[in-house]
1. Shortest first, in nm, what separates the label point of B:LYS46 from those of the same position in the other copies (7 Å along Cα→Cβ)?
2. If you average the sequence gap of Cα pairs under 8 Å that are 6 or more apart and divide by the length of region B:135-195, what percent do you get for the contact order?
3. Quick query: amide H of B:ALA179 versus all other amide H atoms, modeled in the peptide plane; which residues come in under 5 Å with a sequence gap of 5 or more or a different chain?
4. Considering amide H positions built from the backbone, and no H for Pro or chain starts, which residues 5 or more places from A:ILE146, or on another chain, come under 5 Å of its amide H?
5. Nearest 5 is fine: what % of DSSP beta bridges in chain C come out antiparallel, could you say?
6. Give D:LYS9/D:LYS122; B:LYS143/D:LYS122; D:LYS14/D:LYS56; B:LYS56/B:LYS143 a once-over and call out the pairs whose C-alpha atoms are over 20 Å from each other.
7. Using only Cα atoms, find the angle between the long axis of helix A:155-165 and the longest principal axis of chain A, and express it within 0 to 90 degrees, rounded to the nearest 10.
8. Check the straight Cα-Cα distances from A:LYS85 and name the aspartates and glutamates below 13 Å, setting aside those fewer than 8 residues away within the same chain.
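No value in this document is a laboratory result; all are computed from the given coordinates. As the structure is a prediction and not an experimental result, all values here were calculated from the model. Quick reminder, even Gly has a Cβ in these numbers, built from the backbone with ideal geometry, and neighbours come from all protein chains shown.
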Number of protein chains: 4
Amino acid sequence: MSEYPVPFKLDVGKAGLIVVDMQNDFVRVGAPMELPSCRAAIPNVKRVIDACRTAKVPIVYLKFIAGPRETLIWTWSPTLVPSDKCCWKNHKRRYADIGKEAEVTDIVEEITPQSGDWIVEKYSYGGFYETNLHTILQANHVKETIILGAAMPFCVDDTVTGAFDRQYRVFLVADATGAFDEEFAKNSLRRIAKKYGRVVNTDELIREMRSA
Amino acid sequence: MSEYPVPFKLDVGKAGLIVVDMQNDFVRVGAPMELPSCRAAIPNVKRVIDACRTAKVPIVYLKFIAGPRETLIWTWSPTLVPSDKCCWKNHKRRYADIGKEAEVTDIVEEITPQSGDWIVEKYSYGGFYETNLHTILQANHVKETIILGAAMPFCVDDTVTGAFDRQYRVFLVADATGAFDEEFAKNSLRRIAKKYGRVVNTDELIREMRSA
Amino acid sequence: MSEYPVPFKLDVGKAGLIVVDMQNDFVRVGAPMELPSCRAAIPNVKRVIDACRTAKVPIVYLKFIAGPRETLIWTWSPTLVPSDKCCWKNHKRRYADIGKEAEVTDIVEEITPQSGDWIVEKYSYGGFYETNLHTILQANHVKETIILGAAMPFCVDDTVTGAFDRQYRVFLVADATGAFDEEFAKNSLRRIAKKYGRVVNTDELIREMRSA
Amino acid sequence: MSEYPVPFKLDVGKAGLIVVDMQNDFVRVGAPMELPSCRAAIPNVKRVIDACRTAKVPIVYLKFIAGPRETLIWTWSPTLVPSDKCCWKNHKRRYADIGKEAEVTDIVEEITPQSGDWIVEKYSYGGFYETNLHTILQANHVKETIILGAAMPFCVDDTVTGAFDRQYRVFLVADATGAFDEEFAKNSLRRIAKKYGRVVNTDELIREMRSA
């Protein structure tokens, strides 16, 4: 039983999955903006992705891109600068947990996108602001968005807000989403549940997908 | 001294003030979505407005509008329905603290807009989503936004996010902004200060406006 | 019989009317950007408005606003400058055909908005770019837009494009729409009919509204 | 000497190039929406691209994407349906002029994007509507957009309008841009020159880039 309200149930035929920013430079060990709780979420993220593939739910991966010249966001995330190249395209970095180099904006290898998935590159936190995410979802007749990934209370929260603004029912998968810290996580979930979308956990979501 | 970081100082010639949703149906006693902390903020809101008028800083008032037919937002704010008409245009309600009827979406009388101010009506939480706020600011050459009003962690936070996305430097005036509750207020300020804008208080802001 | 294709019929229960920029500074005699063909269109504009009121179709009036400081649009429309104040808010001008002063951005008096109508102020040509038009239409469950007014090939065409982008079926009312000149009018109608919406005339539209 | 007005000169350090929809399914022989004038424009498109590479002007390629489920645009472009798959991702077609199969949404091989270029996928005509084009240009400090490609009066015109709305100075390269037909081309250039941007030809633009 969820501790959060259940204002609506999932209609799997109208659903789309949005995997937020599960990219090396946020998730891998030694990343400039490493968030260990996002790494810990990988197994649940993978379970939701697999369930969506089985149910033919369209899957969109978001990627946060920075550079090549200074914009306001650099004020808040100093590792975006040229000397660090955090989240720059066409840049590789060595990560300790995989013991090799990888493109810093690539989705982590455990959940690599497959042919037929969509990839959306964005330059701000939220997935809908000045991207083609809304039109990809419309082209797939998506009305309900399952959202998870990296991380609360920034990129995930603003993607939830953007989905709500555009009239999508939101399902935020709490245990498949990382956070900057515990206090932020707790507040983001409470905030989302109060005014933006339904907060679910992975078991609950997959059960609902199968029973639909 | 502020407890928050000071990544930039105010350049008053580039500033614009955004007064978020200080309307009867959120602020007055007996309003369907009454938020007492927003009422308590009126004196500081008024001080900032007065300082902006003196400094010829453009002033924009946001108003949240609902109705007349159901959209997703009704799921989360049930008083928006026709029987309550919370935040409907052309609807009056009696409020105990002013002892008379007033339009539910009018700005509270203590800070009534004046000729030359702008009013922006919006149908979601954030002030920038599908409104003319960005173009009003551009027409006034505004690059820095002073944001305050009603309320954290919803309409104010999403207005901050929208300003950040559009490359405005944000100054969130903490003690001129109400909140749903204390815990949300604390977290919104922490979140904004970390990735979106500078958190200031009224004294600090006005001092900076005058010394500029 | 229309000379244009009929890809869909009007569903009046889903319709909304968008009256584009029928304001004094474009329409009245002596206006800085006077377009006589818009003045000639007033009777048909009025017929469509009356038919929409009878059928309870929501009505939105667009107004083009300029000033107070220079933006890119001044390059193309020099009368927007402070010395002329074309389309500035809170500015009056005397027009020969009505023999009196009127606010330059007011809708012409023959079709004055009524209580319950919506007014949308915009700073560019198209009615959807950075305005609340889309959310007003959503709040009224509008899916089909009837578009007319001032003028082709600029503000009307860009409003048509904006409606098409947002998945609204468009009905452009050719004989209730003015134009910069005849050649532009002919091409705009051909262009719209080919890729954006259905071109109708006033008789045809009203007949279809009544038979629905 | 150009026949069009010269409201501003190119500042090459602020420029970005937008190559509109020069993809196989519009340009190659036998494409479902073949536009021969776009194929004829390839040499001039290539000249502008080469000049931009030399001058380190950022280059963005737009691609129009359709499918996989019906949206309003199918009404106007019937070859977007599943049986034809015009402009669908991950679909190949044989084109007579290159004598081989190619991805239908790939940019024509004469002007293949290079590493460091940007590619923007869109689901409507204009390049700015619900895409990341604006944020890519901001990340590169672009203020002036050079626009060319396929085709007037649809995708090119709406990209021009979108650039104008967002305060970019536009340079439309007339002889590097195809059109649906001659009459549309003539009117698009006249319309753009009157209210949206500067119309140039390839020689004039390149000369101005070099003398800057």
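1. Going from nearest to farthest copy, the values are 4.8, 6.1, 7.2 nm.
2. Relative contact order, region B:135-195: 37 percent.
3. B:SER37, B:CYS38, B:MET152
4. A:GLY16, A:LEU17, A:ILE18, A:PHE171
5. 15
6. In this structure, D:LYS9/D:LYS122; B:LYS143/D:LYS122 lie more than 20 Å apart at Cα.
7. 40
8. Output for A:LYS85: A:ASP25, A:GLU70, A:GLU103.
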